[in-house]
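J.: Mind looking over this structure? Questions follow.
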Amino acid sequence: MSAAQTDATFSAILRERTADDHRDAETSTFMSALVDGHLPLAGYTDMLAQHAYAYEALESPAPTVADDPVLQPFLHPGLLRADALAADLHALVGPEWRTVHRPTPATERYVSRLREVGSSWTGGYVAHHYTRYLGDLSGGQFIGRIAARTYDLTPERGGRFASFDQLGDLTAFKDAYRAALDAAPWDGDEQVRIVDEIRAAYALNGDVFAGLEHHTA
């Protein structure tokens, strides 16, 4: 069944058909250690570094994608995370953070896919954009509060990643983002491809977390 063959909105279909993937990501060994407050600071900064490599790729799509009118409703400068992550890593690890935390093989695969969709496929790019940023604005806020408490973070010391001050009310922003998904002119086949890409994005993220599990031992 294509996404268009139901009465549900596309954003609702996305949530329903990726719910299990989302749940698996939230309950990984690595994320459980973070939520429980048992993850060493080195594990947290390694996660931030892997995120940084991914966001650098996500936030530099090719002009053929970046200039697509379909993409414009999803773009907001207040979403961008690469600079915030670099600042957090500089504060917590130092200017040599890229040497301390190299991209893992899983991160390299993730970055490769981000660059691939960011070079040629707007729908695929939106799939990854949605997976990362809507996650940051939802469960990522909870994770940010836990990290701030566990590692004594402040906006001046490693606590910028979870801060989205430029977006205003986050619930209203997420509602507007979902409305843009519902209004996008994708046909049923393209919607199915996007759902599949979101599921792939969750799998790639899960592989990144699995590659960091040595920090939980």
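J.: Give me the Kirkwood hydrodynamic radius of segment 72-116, using the inverse of the mean 1/r over all pairs of distinct Cα atoms, in Å to one decimal. Let's see the in-between values first.
T.: Values: mean 1/r = 0.0801 Å⁻¹.
Taking every pair of different Cα atoms in segment 72-116, averaging 1/r and inverting gives 12.5 Å.
J.: Please list, in chain and number order, the residues 5+ apart from residue 80 or on another chain whose amide H is under 5 Å from its amide H, with Hs placed from the backbone.
T.: For residue 80, whose amide H was placed from the backbone, there are no distant partners under 5 Å.
J.: Further, regarding this structure: Order these by the 10 Å Cβ neighbour count, fewest first: 198, 146.
T.: On the way: 198 23, 146 17.
With the fewest neighbours first, 198, 146 line up as 146, 198.
J.: Given Cα positions, please report Rg to Rh for the chain, the hydrodynamic radius being the Kirkwood one.
T.: Here the Rg-to-Rh quotient is 0.96.
J.: Along Cα→Cβ, 7 Å out, is where each label goes; now give me the distance between the ones at residue 38 and residue 214 in nm to one decimal.
T.: Output for this residue pair reads 2.0 nm.
J.: Residue by residue through segment 199-209, what is 3J(HN,Hα) from phi via Karplus (6.51 cos²θ - 1.76 cosθ + 1.60, θ = phi - 60°)? Round to whole Hz and write x for glycine and proline.
T.: Once θ is set to phi - 60°, the couplings for segment 199-209 become 4, 5, 4, 4, 5, 5, 5, x, 5, 4, 5 Hz.
J.: Let me ask something else about it. Roughly how many Å is it from the Cα centre of segment 174-214 to that of segment 67-131, as a whole number?
T.: Going from one Cα centre to the other spans 14 Å.
J.: Pick out which of 57, 127, 12 has the largest mean-square fluctuation in a Gaussian network model of the chain, springs linking Cα atoms closer than 10 Å.
T.: Taking springs between Cα atoms under 10 Å, the residue moving most is 12.
J.: Would you mind giving the average projected area, over all directions, of the Cα convex hull of segment 101-184 in nm² with one decimal? Please report the intermediate quantities before stating the final value.
T.: Working: hull surface 28.5 nm².
Dividing the Cα hull surface by four gives the mean projection, 7.1 nm².
J.: Take the Cβ-Cβ distance between residue 116 and residue 157 as r, set R0 to 35 Å, and report the resulting FRET efficiency rounded to the nearest 0.05. Display every interim value, and only then the final one.
T.: Working: r = 36 Å, r/R0 = 1.02.
FRET efficiency, residue 116 to residue 157: 0.50.
J.: Follow-up. Mind giving me the nanometre distance, one decimal, between the label points for residue 67 and residue 171, set 7 Å out from Cα along Cα→Cβ?
T.: For residue 67 paired with residue 171, the spin-label model returns 4.0 nm.
None of the figures in this text is laboratory data; all of them are computed from the coordinates on show. In this text the structure is predicted, and so the values were computed from the model without any measurement. Note that we place each Cβ from the backbone using ideal geometry, even for glycine, and neighbour counts take in every protein chain shown.
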